[in-house]
Structure formats: C-alpha cells, structure tokens
Amino acid sequence: MRAFGVVDLPSRLRARVVLQELAKSPYENVFDFGCGTGCYSFYVARQPEIRVSGLDSNEARVHDCIAIAHKIGRKNMTFFVRSGHDGLRRFISRGFDSVLAIEVLQYVPDPLLTLRQICRLLIPGGRIIGHVPVLGYLREHEKTLFDDLNLSAMLRESGFEDVSITRTFGDGVRRVCEIFECVSHSRLLTAVAFPFLLMASAMCRIPSPRGDYRLFVARKPFNAAQAIVDRPDSSSSA
C-alpha cells in the first residue's frame with residue numbers, strides 16, 4: 001500500500017486530466033477551492049516558486065493539510081477553513097492566475113455566486129479548471145444537478161469566456177473504477193489489484209463522448225469589468 005501512496009483510482013484518473021490541463025499554461029499563484037485532503041495543492045506546491053492557497057469547509061482536513069505542509073517544510077502553501085461563496089467574499093484579491101474547483105461545485109448552495117467570487121479573485125486572463133458530475137440525478141449532499149447547458153451558462157454569466165467543456169469518465173474508465181470499488185473493501189485485494197487496474201486504465205481515454213463527468217476550463221477576460229462579478233445581486237444574496 002505504501003508503494004502506491006493514496007490508493008484511490010478514480011482520483012488518480014481525474015488528476016491525470018486536471019493536471020494535464022493545468023500544465024498547458026504557465027502558473028505562479030494557484031487557488032485550490034474545495035481542497036479536501038490537499039492532493040492537488042501538494043502536487044502543485046512541489047515547485048517552491050509556485051504559491052498555493054487551499055480552502056475547504058472541513059476543518060479537520062484543513063488542519064491536516066496545515067500540519068503536513070509544516071512537517072515537510074512547504075512554506076509556499078496556505079490553507080483556510082471557509083465554505084461557499086460567502087467564504088470567498090472574505091478574500092481580498094490575491095492575484096490568482098489559476099483556480100482549481102475539482103468535485104466541489106455540486107456541493108455549494110449557489111454555484112453561480114461561487115463562480116462570480118472565483119472570477120473576482122482571478123487576475124485578468126486567469127483561468128478556472130474544474131470537474132463536476134453530470135449523472136442526471138443528485139447524490140447525497142449534492143445541491144446542484146449539472147448539465148452541459150447550465151454549466152456553460154453559469155460560467156459565462158459569472159464573467160468567464162473561452163469556455164471549454166469536455167466529457168470524461170466514459171464506459172471503459174467506469175468499468176475499471178467499478179472493479180476498483182469492489183476490491184477496495186479489502187486492503188489486501190486493493191494492494192494486489194491496484195497496479196493492474198492502473199495499467200488497464202492507461203489504455204482507456206478519460207475524455208470520452210459518453211462520459212458522465214465534465215472537465216471545464218474557462219478564462220477571465222483580460223478586460224474584465226469588475227461590475228460583472230460584484231453586482232448588487234451577488235452581495236445581497238450572501
């Protein structure tokens with residue numbers, strides 16, 4: 001188990017496409033919205049010149065991230081405990097050039113207001129990279145049912161442009177992940193099966209025309225008008 005680190009196949013496959021997208025443009029100041037256990041934050045912060053800020057509503061996870069960052073000497077990382085668009089409103093713009101929102105927007109009460117606040121925190125030309133489910137039904141604790149139309153509309157209404165939405169996690173990847181789910185109840189089976197499932201997943205294209213998830217990328221305009229994201233309706237609804 002130690003040889004493979006955190007053994008979570010779906011997260012590994014999701015990270016493959018997210019980090020490929022992040023690497024397409026240079027970045028120096030990254031905001032990990034809904035950072036959770038900090039897997040993306042710690043990966044990005046391996047380069048000491050990159051500044052990383054992580055935010056999550058789970059206090060225990062944030063404290064764990066802070067403790068780990070301190071233990072390994074990552075002075076370029078900062079973590080906060082806050083939730084939703086109201087938590088984001090407390091941030092003064094920190095000049096972020098990239099925001100990650102991976103598997104988090106479906107849980108926030110108002111994703112449109114959240115996206116407006118994320119857009120506010122980005123520098124002109126900065127971009128958001130996110131991943132959400134498009135399953136046709138809500139799972140436990142999820143508050144927003146996304147589809148291609150409302151996801152694109154929310155991004156554009158929030159002030160973003162150059163919106164790109166890619167279908168991910170098609171049939172082949174789903175089958176591999178289903179097998180992983182079956183064996184993951186046993187640590188021994190997971191240790192034995194994981195490397196083979198990882199190799200099998202390498203033969204599957206994660207972007208898929210029949211995918212149940214969406215990778216989205218959008219950019220804040222270089223001439224963005226701040227009024228778009230700081231409109232009275234966004235502040236009064238907080």
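Quick check on segment 108-120. Is at least one of its residues out of contact with any helix residue (DSSP H, G or I) (no Cβ under 9 Å at 6 or more places or on another chain) and in a loop (DSSP other than H, G, I, E, B)?
Scanning segment 108-120 turns up no residue that is out of contact with any helix residue (DSSP H, G or I) (no Cβ under 9 Å at 6 or more places or on another chain) and in a loop (DSSP other than H, G, I, E, B).
Need at least 3 residues that are under 29 Å from ASN29 (Cβ atoms) per element, so show me which helices (runs of 4 or more DSSP H) inside segment 129-215 make the cut, counting only ones lying wholly within it.
Qualifying helices (runs of 4 or more DSSP H): 148-157.
Would you check if GLY130 is over 19 Å from ARG14 (Cβ atoms) and modelled with pLDDT of 90 or more?
Criteria not met by GLY130.
Tally the residues that are closer than 14 Å to ALA15 by Cβ and outside any loop (DSSP other than H, G, I, E, B), restricting the search to segment 31-60.
7
For GLU21, are the conditions met, namely being in contact (Cβ under 8 Å) with a residue 60 or more places away in the chain and surrounded by 15 or more Cβ atoms within 10 Å (Cβ to Cβ)?
yes
Based on this model, can you work out whether ARG82 counts as modelled with pLDDT under 90, under 22 Å from LEU19 (Cβ atoms) and either out of contact with any Gly (no Cβ under 6 Å at 6 or more places or on another chain) or surrounded by 16 or more Cβ atoms within 10 Å (Cβ to Cβ) (or both)?
When the stated conditions are applied, ARG82 does not pass them.
Name, by its number, the condition in (1) under 21 Å from ILE206 (Cβ atoms); (2) surrounded by fewer than 19 Cβ atoms within 10 Å (Cβ to Cβ); (3) touching a helix residue (DSSP H, G or I) at 6+ places or on another chain (Cβ under 8 Å); (4) not charged (D, E, K, R) that does not hold for HIS141.
Evaluating HIS141 over (1) under 21 Å from ILE206 (Cβ atoms); (2) surrounded by fewer than 19 Cβ atoms within 10 Å (Cβ to Cβ); (3) touching a helix residue (DSSP H, G or I) at 6+ places or on another chain (Cβ under 8 Å); (4) not charged (D, E, K, R) leaves (1) as the failure.
The values are calculated or read from the model by the stated rules, or taken from the named source; none is laboratory data. From a predicted model like this one, the values you see are computed outputs, not experimental measurements. Every residue, glycine as well, gets a Cβ built from its backbone with ideal geometry; the counts of neighbours run over all protein chains shown.
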